[in-house]
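To start, the structure itself, in structure tokens.
The values are calculated or read from the model by the stated rules, or taken from the named source; none is laboratory data. On a predicted model such as this, the values are computed, not experimentally measured, just so you know. Cβ atoms come from the backbone with ideal geometry, glycine included; neighbour counts cover every protein chain shown. Only protein heavy atoms, including side chains, enter the accessible area calculation; ligands, DNA and RNA are left aside. Shrake-Rupley method; radii C 1.70, N 1.55, O 1.52, S 1.80 Å.
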2 protein chains.
Amino acid sequence: MTARGNLFIVSAPSGAGKSSLISDLLKDKPADKQVSVSHTTRNPRPGEINGQHYHFVTVEEFKALIADNAFFEWAEVFGNYYGTSRKVIEQTLHQGIDVFLDIDWQGAQQVKKVMPEAIGIFILPPSKVELEKRLTGRGQDSKEVIASRMAQATSEISHYAEYDFIIINDDFDTALGDFIAIIRSQRLTGAGQIHTQNDMLKDLLAE
Amino acid sequence: MTARGNLFIVSAPSGAGKSSLISDLLKDKPADKQVSVSHTTRNPRPGEINGQHYHFVTVEEFKALIADNAFFEWAEVFGNYYGTSRKVIEQTLHQGIDVFLDIDWQGAQQVKKVMPEAIGIFILPPSKVELEKRLTGRGQDSKEVIASRMAQATSEISHYAEYDFIIINDDFDTALGDFIAIIRSQRLTGAGQIHTQNDMLKDLLAE
């Protein structure tokens, strides 16, 4: 029996390094890990591949999916629809692939409601001083813009306690190692192994 | 604040490779990991060091510890007392050191009763055929001896579902990697990090 994949929710304030961690994790295109691919009704841009960057669908198809309760969550942005399909994620998990959802705390709460077994990982910067440095960028932004970014980051950070794991991204390689260890360990939980290794366990316990 | 260590209970049928995994994990004497050191009233053998191989105590001291409820579990074997001290383990965890208890399912149940936060890891051989091969040894034992070993192993295996994680030791390096990933991930749980990183989180959320 193929091991079912796990669904990981990854959240962080900007400046924590979440995108770099996810990119690095997937840079060699591992067969057993992928980010969730959203549905959208907007037109593909040059170079965008259906099923890889987005699932491109018509408005009629999208509305049928809404009616079918296929989405964890969906939204209309500037006349285009975007959504995360529970069905696609379920199919991917069923193929033994871990799926990574790069979403904020509000999205995380919605997903946890529907799939409580989803594993939440929160990435934090190591200190407020360091966060401010990372959000200040190249010094071209006004104090007000930076203050607004800090306020938004602080608001996201205030939800850290809702996550199963917390990674502090001080040293990138350490944080990446932490990330990989969490993902690997979740393939080894008793509940998961009992499901996956059912035949082997029966064999071991046979008279 | 120093991260509190975790208590790991490691159980397995003989032939699963548990001792090799624990030895390999600790072979470079890492500062943040150690096996639990038992108390005993028997005399030290040549080369045995107090506090490293055992805590050597007198019968009076041992009985005082029993009266003080200091042990998870203790037993008298051939006139000597042996016990696992909860106090020593607590002190070690408090120093930020992960402690490994190499015990069977009965010991595991006792420890889980007293410290439900202890993390149980069960090591399994990959198949019954392979287990039989490993338990047969050099072919010098009678069928009855081997059958009795197999029965004992099967009885231990029947408790796998009581553990938080299950490692299948087919390839040793993979199993060791699994073991290390579980240990590392348990330093990153939300509950643990909130405790350890309390000051940092306050700093990040300060106005």
| query | Quick one: label points 7 angstrom along Cα→Cβ at A:ALA206, distances to the other copies in nm, smallest first? | reply | 6.4
| query | Which distances in nm, rounded to one decimal and ordered from shortest, link the label point of B:SER23 to the equivalent label points in the other identical copies, with labels set 7 Å from Cα toward Cβ? | reply | 4.6
| field | Accessible surface, chain A, averaged per residue in Å² (probe 1.4 Å) | value | 52
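For chain B, count all C-alpha to C-alpha pairs, find those more than 32 Å apart, and express that count as a whole percent of the total. All intermediate terms of the calculation are to be shown ahead of the outcome.
Details: 5517 of 21321 pairs.
Distances greater than 32 Å cover 26 percent of the Cα pairs.
Over all pairs of distinct alpha carbons, what does the Kirkwood formula give as the hydrodynamic radius of the range B:1-61, in Å?
Working: mean 1/r = 0.0708 Å⁻¹.
Roughly 14.1 Å, rounded to one decimal.
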| message | What do you get for GluC sites (Glu not before Pro) in the range B:1-89 restricted to DSSP loop and a cutoff of at most 13 other Cβ within 10 Å of the site's Cβ? | response | B:GLU48
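Counting helices only, and only those DSSP H runs with n ≥ 4, report the 222 nm mean residue ellipticity of chain B as the sum of -39,500 (n - 2.57) divided by its residues, in deg cm²/dmol to the nearest 500. If you can, show how the numbers build up before the last one.
Details: 9 runs with 90 residues, N = 207.
Rounded to the nearest 500, it is -13000 deg cm²/dmol.
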| Could you give the nm distance between label points at A:GLU76 and B:GLU48, where each point is 7 Å from its Cα heading toward the beta carbon? | 7.8
| Across the Cα atoms of the range A:85-207, what radius of gyration and what greatest pairwise Cα-Cα distance (Dmax) are found, in Å? | 19.4, 74
| What residues qualify as long-range amide H neighbours of B:GLU73, i.e. H under 5 Å apart, gap of 5 or more or another chain, H built at 1.01 Å from N? | B:THR84
| query | Over what distance in Å are the Cα centres of the range B:157-190 and the range A:60-91 separated? | reply | 37
| Heavy-atom accessible surface that A and B bury in contact, both chains counted, 1.4 Å, Å² to 100 | 3100
| query | Relative to the compact globular guide of 2.2 N^0.38 Å, what is the alpha carbon radius of gyration of the protein assembly as shown, as a ratio? | reply | 1.18
| Inter-label distance, nm, simple model (7 Å from Cα along the C-beta direction), B:ASP173/A:SER127 | 4.0
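Loop-only check: which GluC sites (Glu not before Pro) in the range B:99-145 are DSSP coil with at most 16 other Cβ within 10 angstrom? Let's see the in-between values first.
On the way: sites: B:GLU117, B:GLU130, B:GLU132, B:GLU144; in loops: B:GLU117.
Answer in residue order: B:GLU117.
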| Label geometry 7 Å along the beta-carbon vector: A:GLY47 inter-copy distances in nm | 6.4
| query | For the range A:104-186, what relative contact order do you get, as a whole percent, if you take Cα pairs closer than 8 Å and at least 6 residues apart? | reply | 40
| Cβ-Cβ FRET estimate between B:PHE56 and B:VAL114, R0 fixed at 25 Å, reported to 0.05 | 0.55
| task | Excluding A:ALA108 itself, calculate the net charge of residues whose Cβ lies under 14 Å from the Cβ of A:ALA108, where each Lys or Arg counts +1 and each Asp or Glu counts -1. | result | -4
| message | With only alpha-carbon pairs counted, each pair once and no self-pairs, how large is the Kirkwood hydrodynamic radius of the range A:10-114 in angstroms? | response | 14.8
| said: Can you tell me which of B:GLY139, B:GLY192, B:GLY120 moves the most in a GNM of chain B? Springs connect C-alpha atoms under 10 Å apart. | reply: B:GLY139
| query | Given the pairs A:LYS87/A:LYS133; A:LYS133/B:LYS27; A:LYS112/A:LYS133; A:LYS63/A:LYS113; A:LYS18/A:LYS112; A:LYS27/B:LYS33, which span a C-alpha to C-alpha distance of over 29 angstrom in this model? | reply | A:LYS87/A:LYS133; A:LYS133/B:LYS27; A:LYS112/A:LYS133; A:LYS27/B:LYS33
